[in-house]
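Input: a single structure, listed below in structure tokens.
The values are calculated or read from the model by the stated rules, or taken from the named source; none is laboratory data. The model shown is predicted, which means the values in this text are computed figures rather than measured ones. Here the Cβ positions follow ideal geometry from the backbone for every residue, glycine too, while neighbour counts run over all protein chains shown.
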Amino acid sequence: MTRIIITLVFSLLALLSFAQEQNISKQNNSEITLQVKINRTSSNEGKVYYALYDSQKGFNEKQPFQVAQSEITGNKTQVSFENIPNGTYAIICYHDTNDNQQLDFEGYMPIEDFGVSNNPLLMGPPTYEAAKFKVDGKDLALEIKFQ
């Protein structure tokens, strides 16, 4: 009986050690998940397109680190970006109501809803500085509000 208890204790310790190693591995091997949701769209028409940027240069040159798109249900949408390394990021998203896969403008003004991470009050085009946030070793959930 003592031998069974000792075996169980060592088995539990081994499992706990493995679980800790998996958690550390998650932090070091870019297995972080970033969930982004929008809780209010103007309609269920079209899709919402998301671009995740990992640098100011990529942001300025419109070269995203990852992209995603989502259908809209109940005027809500959500996407997940997987395998995100620790670092600084920014997100831009827009509601493509007419399914032409671009944010439409009238002159210089967007005529489709858009948003950026951190939900800054914008007086002009979004900036990386205003939208940036940190990913640091754990999964993250963000809500973006459309302008």
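List of remarks:
- Unmet criterion (only one of (1) in a strand (DSSP E or B); (2) crowded, with 19+ Cβ neighbours inside 10 Å) for Thr41: (1)
- When Leu52, Leu122, Leu34 are checked against the criterion of being at pLDDT below 95 and within 19 Å of Leu142 (Cβ to Cβ), Leu122 stands alone in meeting it.
- Of the residues making up segment 93-129, just one is touching a helix residue (DSSP H, G or I) at 6+ places or on another chain (Cβ under 6 Å) and among the β-branched types (Val, Ile, Thr), namely Val116.
Each row is one residue, and each column tells you yes or no for (1) of a type outside the set (A, V, I, L, M, F, W, C); (2) over 19 Å from the mean Cα position of the chain (by Cα).
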{"residue": "Asn86", "(1), (2)": "yes, no"}
{"residue": "Gln102", "(1), (2)": "yes, yes"}
{"residue": "Glu112", "(1), (2)": "yes, yes"}
{"residue": "Ser117", "(1), (2)": "yes, no"}
{"residue": "Pro125", "(1), (2)": "yes, yes"}
{"residue": "Tyr128", "(1), (2)": "yes, no"}
{"residue": "Gly137", "(1), (2)": "yes, no"}
{"residue": "Leu142", "(1), (2)": "no, no"}
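For (1) touching a residue at least 12 places away in the same chain (Cβ under 8 Å); (2) assigned to a strand (DSSP E or B), each residue gets a yes or a no:
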site	(1), (2)
Thr88	yes, yes
Asn98	yes, no
Glu112	yes, no
Leu121	no, no
Glu129	yes, no
Ala141	yes, yes
Gln147	yes, no
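- Some residue of segment 96-115 being surrounded by 14 or more Cβ atoms within 10 Å (Cβ to Cβ), touching a Ser or Thr at 6+ places or on another chain (Cβ under 9 Å) and hydrophobic (A, V, I, L, M, F, W, C): no
- Residue list for segment 100-110, filter: assigned to a strand (DSSP E or B) and without any contact (Cβ under 8 Å) to a residue 12 or more places away in the chain: Phe105, Glu106, Met109
- Tally of residues being within 19 Å of Asn118 (Cα to Cα) and in a loop (DSSP other than H, G, I, E, B) across segment 46-84: 5
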